[in-house]
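The next block holds one structure in the form of structure tokens; read it before the comments.
The values are calculated or read from the model by the stated rules, or taken from the named source; none is laboratory data. Quantities reported herein were computed from a predicted structural model and do not represent experimental measurements. Reconstructed Cβ throughout: ideal geometry from the backbone, glycine too, with neighbour counts over all protein chains shown.
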Amino acid sequence: MPERETIALLGTGTMGTGMGRNLLAAGFPVRAWNRTFARAAPLAEAGATVLESPAAAATGASVVLTSLSDGAAVEAAMNGPDGALKALGEGSVWLQSSTIGVADTERFAGLARDHGVELVDAPVLGSKVPAERGELTVLASGPERAGERCKLIFDAIGSRTIWTGEAGAGTRLKLVVNTWVNGMVGVLAETIALARALDIDPELFLTTIEGSPQGSPYARMKGDLMIQRKYPTAFSAALAAKDVRLAREAASANGVDLPISGALANLYRQAIERGLGDEDNSAIHEVVAPRD
């Protein structure tokens, strides 16, 4: 078995915990940190060393993997008073898997260069179950030599890696894919609301499109939650709202208007105002569902 590099995993939420377990199963030594220490406990039970600061986690690691909620959280973990960059040796790899948008990715690429660290921009497609199963899709970009070092890591956390070019291309592709996915969720929420309003069983709608060019497994997965009006979190409405915002910011910076994404931003805002931010993103159905 090829030698496994020691990985500092910063962020043990829904995605980070799944990735951490799969890295451990593949034989990687994992040094983990999470802002809420108790949330890292399951990884300690699986064999990870859990530390109390990002710098402590990065000490002795040659790869740091960030899996955090947004750019501000990544900034704090990497460049804060106890940030990991202070502890990384020159030539280390920063594997950035969080969805943070174009501007932060460009800024972090400069920060990595300043510290002699190679940035691999590698956001992932998938939510809780694919992360747990090691079936994420990795949208990787950055220096080829760093990508080669990360290949075994990608194989451990994902079932598919798409190499997209120079650092930043992975993030831009992620924003494009997220716009498609969020669009499906929004239209699905309206469609099921319309079915209910017209006295059509929403299950009949899903059955009708299933297996046809109009259908998709994603529609079935999210549609079932909307029909049941129960929203166990695979990917939260708050994080989906963040992703819509990042896509709109990137579009605006490049002279493109996204009116449908604007409507989605409003739906997510209303869902969060109703206390649904931590529920699954399919909970935006509650904003448009007919009143009982």
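Rundown of residues vs (1) modelled with pLDDT of 95 or more; (2) in the same structural domain as G91 (by TED's automatic domain parsing); (3) assigned to a helix (DSSP H, G or I), yes/no style:
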{"residue": "R145", "(1), (2), (3)": "no, yes, yes"}
{"residue": "E148", "(1), (2), (3)": "no, yes, yes"}
{"residue": "A156", "(1), (2), (3)": "yes, yes, yes"}
{"residue": "N178", "(1), (2), (3)": "yes, no, yes"}
{"residue": "N182", "(1), (2), (3)": "yes, no, yes"}
{"residue": "L194", "(1), (2), (3)": "yes, no, yes"}
{"residue": "Y231", "(1), (2), (3)": "yes, no, no"}
- Message: Criterion first (modelled with pLDDT under 95 and under 18 Å from V138 (Cα atoms)) does S69 satisfy it?
- Response: yes
- Tell me which residues, restricted to the stretch 254-292, are among the acidic types (D, E) and modelled with pLDDT of 95 or more. D257, E273, D278, E279, D280, E286
- Among the residues of the stretch 88-99, write down those that are in a loop (DSSP other than H, G, I, E, B) and closer than 22 Å to A40 by Cα. L88, S97, S98, T99
- Item | Matching entry among S212, S216 (being under 22 Å from the mean Cα position of the chain (by Cα) and not hydrophobic (A, V, I, L, M, F, W, C)) | S216
- Has the stretch 269-283 got any residue that is assigned to a helix (DSSP H, G or I), more than 22 Å from S69 (Cβ to Cβ) and either touching a His at 6+ places or on another chain (Cβ under 7 Å) or in contact (Cβ under 8 Å) with a residue 40 or more places away in the chain (or both)? no
- Message: Here are the criteria: (1) loosely packed, with under 12 Cβ neighbours inside 10 Å; (2) touching a His at 6+ places or on another chain (Cβ under 8 Å). Tell me which single one A197 does not satisfy.
- Response: (2)
- Message: One residue is enough: does the stretch 199-206 have a residue meeting the conditions out of contact with any Pro (no Cβ under 8 Å at 6 or more places or on another chain), part of a helix (DSSP H, G or I) and aliphatic (A, V, I, L, M)?
- Response: yes
- Query: Would you say A241 is closer than 30 Å to G13 by Cβ, of a type in the set (A, V, I, L, M) and either touching a residue at least 12 places away in the same chain (Cβ under 8 Å) or not assigned by TED's automatic domain parsing to the domain that holds G126 (or both)?
  - Reply: yes
- Query: So which residues in the stretch 105-143 are without any contact (Cβ under 8 Å) to a residue 60 or more places away in the chain, touching a Leu at 6+ places or on another chain (Cβ under 6 Å) and assigned to a strand (DSSP E or B)?
  - Reply: V120, T137, L139
- Query: Which condition does A247 not pass, out of (1) part of a helix (DSSP H, G or I); (2) farther than 19 Å from I100 by Cα; (3) within 22 Å of the chain's Cα centre (by Cα), if it passes all the others?
  - Reply: (2)
